[in-house]
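I'd like to ask some things about the structure below.
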Amino acid sequence: MLRVMEPTPSPLEAATRIFAALRERDLTIIQTANHPDIVDDFVALGVFRGVDAVRGLFAELFGAFPDFDLQVVNKVGDAEHAVVQWHATGTFTGSAFQGIHATGRKVDLLGCDVMRFEEGRLKHNTIYYDGLGFARQIGLLPKAGSGADKAITAAFNAGTDVRVQIRQRVKSASQ
């Protein structure tokens, strides 16, 4: 029997398929569309290596945000890359995420994936989004400009000023 080989998808076609599957919470896409040695570098979160680690992260994300939604805003590609701008929303009412217990808060983020493909499979993905904004939205950090935010900033700056003064005194004493 003669097997007909499917044509290798372009990076833009592959990225479109990946995002559509993730929107449907279809984690099988991670095994089928990703290279076995996939590296997902979530700049604000960490680096996840291999399909098991990437699948685990998305399973954790979907468990933490049961109403998670992912919309593609824009996408472009070339022979090796796809860049996808996205908008994600959800409510942190499920299981813990990265050790943080659910707070019941809503999240609304914009982000961008810069994806590199090899032979139609995702090999490396750098994911950019506002990690500080995410932390504020889930309640891990206070709202920008709030009294608590100002107090944390003042305490941080006071500690920094003390450390700088100590370094300057040590440097002066050693000269």
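Need pairs with beta-carbon distance below 8 Å; first residue touching a residue at least 12 places away in the same chain (Cβ under 8 Å) and within the stretch 4-23, second in a helix (DSSP H, G or I) and among the aromatic types (Phe, Trp, Tyr); sequence gap 6+ or separate chains.
If the second residue must be in a helix (DSSP H, G or I) and among the aromatic types (Phe, Trp, Tyr), the pairs left are Leu22/Phe58.
Shifting gears a bit: Looking at Thr91, Thr103, which is the one that is of a type in the set (Val, Ile, Thr) and touching a Gly at 6+ places or on another chain (Cβ under 6 Å)?
Thr103
Also, quick follow-up: Just checking, does the stretch 16-23 include any residue being open to solvent by less than 60 Å² (accessible area, probe 1.4 Å), of a type outside the set (Ser, Thr, Tyr) and in contact with a Phe, Trp or Tyr (Cβ under 9 Å, 6 or more places away or on another chain)?
Within the stretch 16-23, one or more residues are open to solvent by less than 60 Å² (accessible area, probe 1.4 Å), of a type outside the set (Ser, Thr, Tyr) and in contact with a Phe, Trp or Tyr (Cβ under 9 Å, 6 or more places away or on another chain).
Right, next: How many residues, within the stretch 80-105, are in contact with an Asp or Glu (Cβ under 9 Å, 6 or more places away or on another chain), more than 20 Å from Asp37 (Cα to Cα), surrounded by fewer than 16 Cβ atoms within 10 Å (Cβ to Cβ) and not β-branched (Val, Ile, Thr)?
5
The values are calculated or read from the model by the stated rules, or taken from the named source; none is laboratory data. The structure displayed is predicted, hence computed values, not measured ones. Glycine gets a Cβ as well: all are built from the backbone with ideal geometry, and neighbour counts include every protein chain shown. Please note that ligands, DNA and RNA were not included when accessible areas were found on the heavy atoms of the full protein model with its side chains. Shrake-Rupley method; radii C 1.70, N 1.55, O 1.52, S 1.80 Å.
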